[in-house]
Amino acid sequence: MKRAFKFRFYPTNVQAAELSRTFGCVRKVYNMALAAPTEAWTQRQERVNYNATSAMLTAWKKTESLAFLSEVSSVPLQRALRHLPGASSNFWRKRAKYPRFKSKKKSRDSAEYTTSAFRYRDGRLTLAKMAEPLDIVWSRPLPDSASPSTVTVSRDAAGRWFVSMLCDDLGVKPLPRVDTAVGIDAGITSLVTLSTGQKITNPKHERRDRERLAKAQRELARKAKGFANREKARRKVARVHARIADRRRDFLHKLTTRLVRENQTVVIEDLTVRNMLKNKRLARAVSDASWAELRTMLEYKCAWYGRDLVTIDRWFPSSKPCSVCGIIAAKMPLNVREWECDCGAVHDRDVNAARNILAAGLAVAACGDGVRPQRSTPDGQSSMKQEVVPPQRTRAAAQPRG
């Protein structure tokens, strides 16, 4: 299995200058190649593929105005051209927006090297056009006898340098099967509530550093554009954002790894986070919770370790059915955090939702049953009872939705 290992490194002044030039050339070639198909179709009704853009790159290097493209390694420039067809394909298949031009200030600085443009020996990585190896902080060892097939060098907004090595990792194997399954209900007060009754508190990393971020942003707003002090202030803001993102990512990695290792089947909801971010009152809290990244981690880790990930329909009313008898409440306002069913069961709203998510996911995995209860069942009962009656009593708690 291919796996990327990302490390931080500290380049020398010469290396930093070389990489900065490479980033600029990659950005220039990508933007010119992105504009070429539009010009060719508008003027000559011709289509442009990778071979055509590769020939254009050769011609660009021979011109006086673009002769600087020959000063850097040609491999990152060719890799930039390779990425364009995939971006266009994703657009026509409606999986992404149309490719945008790279910006010097907003786009991520990166350059991709293949085996012909770097040398990796005895734990030392040397890139093309460089005499010395990179000073990499090896936070973890590479797999035994691993040899990188692709190396990607990047620099984030905070000025930190990273190198990502794509290797074959033979250590990623399916875990021994277990008989446990878990349903996950995502929230804000509690990041996730498990069907076992456990609630994982939301660390709220952005809220914890909100004062520091606001102070850095105020200092940035007072700096005049075009001066070095503004760049220093911008870096300070970027470092606060990087600190928040790193802590959030570390927490999600630990949480998802534990869930995948302890359970054979993981059931989640198909949440439309993009639409939730349109809610001005909840957008900041939803972004801080990072539910989309949580789902992404669960998806690839379940694939790595041979676990089953079941995603139920986003319209499934997980909070309304009683997880004991199956009776569905007619109404369940957001301020109702606990309620009691006619059968006598007292439910915590989030725990009950997680248990219903688990039951629906197991029904889908077992028999392909629908996960959204129907109001009538002419062909017989589904895997969940369908009766709709209001709950006997409700108790509203003075706390936000969790």
Evaluation of Ser290 against (1) under 22 Å from Ala360 (Cβ atoms); (2) buried (at least 19 other Cβ atoms within 10 Å of the Cβ); (3) in contact with a Lys or Arg (Cβ under 7 Å, 6 or more places away or on another chain) (one fails), failing number | (1)
In the range 202-219, what residues are part of a helix (DSSP H, G or I) and of a type in the set (Lys, Arg)?
-> Arg207, Arg208, Arg210, Arg212, Lys215, Arg218
Set Arg21, Arg8: member being open to solvent by 50 Å² or more (accessible area, probe 1.4 Å), assigned to a helix (DSSP H, G or I) and modelled with pLDDT of 95 or more = Arg21
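Applying the selection to the range 114-156, what residues are of a type in the set (Phe, Trp, Tyr) and open to solvent by 50 Å² or more (accessible area, probe 1.4 Å)? So that I can check it myself, show each step before the final result.
Filtering the range 114-156 for residues of a type in the set (Phe, Trp, Tyr) gives 118, 120, 138.
The answer is Tyr120, Trp138.
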Of all residues making up the range 251-290, the number that are in contact (Cβ under 8 Å) with a residue 12 or more places away in the chain and either in contact with a Ser or Thr (Cβ under 8 Å, 6 or more places away or on another chain) or among the β-branched types (Val, Ile, Thr) (or both) = 16
The listed residue being charged (D, E, K, R), open to solvent by less than 60 Å² (accessible area, probe 1.4 Å) and farther than 21 Å from Ser318 by Cβ, out of Asp250, Asp209, Asp270 = Asp209
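When you check Ser319 against the structure, is it touching a strand residue (DSSP E or B) at 6+ places or on another chain (Cβ under 8 Å) and assigned to a loop (DSSP other than H, G, I, E, B), yes or no? Break it down stepwise before answering.
Details: touching a strand residue (DSSP E or B) at 6+ places or on another chain (Cβ under 8 Å): no; assigned to a loop (DSSP other than H, G, I, E, B): yes.
Judged against the criteria, Ser319 is not a match.
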Screening Arg235, Arg230 for residues that are more than 30 Å from Arg349 (Cβ to Cβ), open to solvent by 80 Å² or more (accessible area, probe 1.4 Å), not β-branched (Val, Ile, Thr) and not in a strand (DSSP E or B) leaves only Arg235
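Residues checked against (1) touching a strand residue (DSSP E or B) at 6+ places or on another chain (Cβ under 8 Å); (2) over 28 Å from Asp246 (Cβ atoms):
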site	(1), (2)
Leu77	no, yes
Leu81	no, yes
Ala87	no, no
Arg100	no, no
Pro133	yes, no
Pro141	no, no
Ala146	yes, no
Cys167	yes, no
Residues of the range 88-138 being among the acidic types (Asp, Glu) and in contact with a Phe, Trp or Tyr (Cβ under 7 Å, 6 or more places away or on another chain), in sequence order, are Asp109, Asp135
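Let's see how each residue does on (1) in contact with a helix residue (DSSP H, G or I) (Cβ under 8 Å, 6 or more places away or on another chain); (2) crowded, with 17+ Cβ neighbours inside 10 Å; (3) within 19 Å of Ser190 (Cα to Cα):
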residue: Ser319; (1), (2), (3): yes, yes, yes
residue: Cys322; (1), (2), (3): yes, yes, no
residue: Ala329; (1), (2), (3): no, yes, no
residue: Leu334; (1), (2), (3): no, no, yes
residue: Arg337; (1), (2), (3): yes, yes, yes
residue: Val346; (1), (2), (3): no, no, no
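Taking the range 38-59 only, how many residues are open to solvent by less than 80 Å² (accessible area, probe 1.4 Å) and over 30 Å from the mean Cα position of the chain (by Cα)?
Step one: list which residues in the range 38-59 are open to solvent by less than 80 Å² (accessible area, probe 1.4 Å), which gives 38, 40, 48, 50, 52-59.
Going one step further and asking which of them are over 30 Å from the mean Cα position of the chain (by Cα), we end up with 38, 40, 48, 52-59.
Adding up the residues that qualify gives 11.
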Out of the residues in the range 165-182 that are surrounded by 13 or more Cβ atoms within 10 Å (Cβ to Cβ) and in contact with a Lys or Arg (Cβ under 9 Å, 6 or more places away or on another chain), state the one that is farthest from Tyr120 (Cα to Cα).
-> Leu175
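The values are calculated or read from the model by the stated rules, or taken from the named source; none is laboratory data. Remember, it's a predicted structure, so these values are computed and weren't measured experimentally. Reconstructed Cβ throughout: ideal geometry from the backbone, glycine too, with neighbour counts over all protein chains shown. Ligands, DNA and RNA are excluded from the accessible area calculation, which covers all protein heavy atoms including side chains. Shrake-Rupley method; radii C 1.70, N 1.55, O 1.52, S 1.80 Å.
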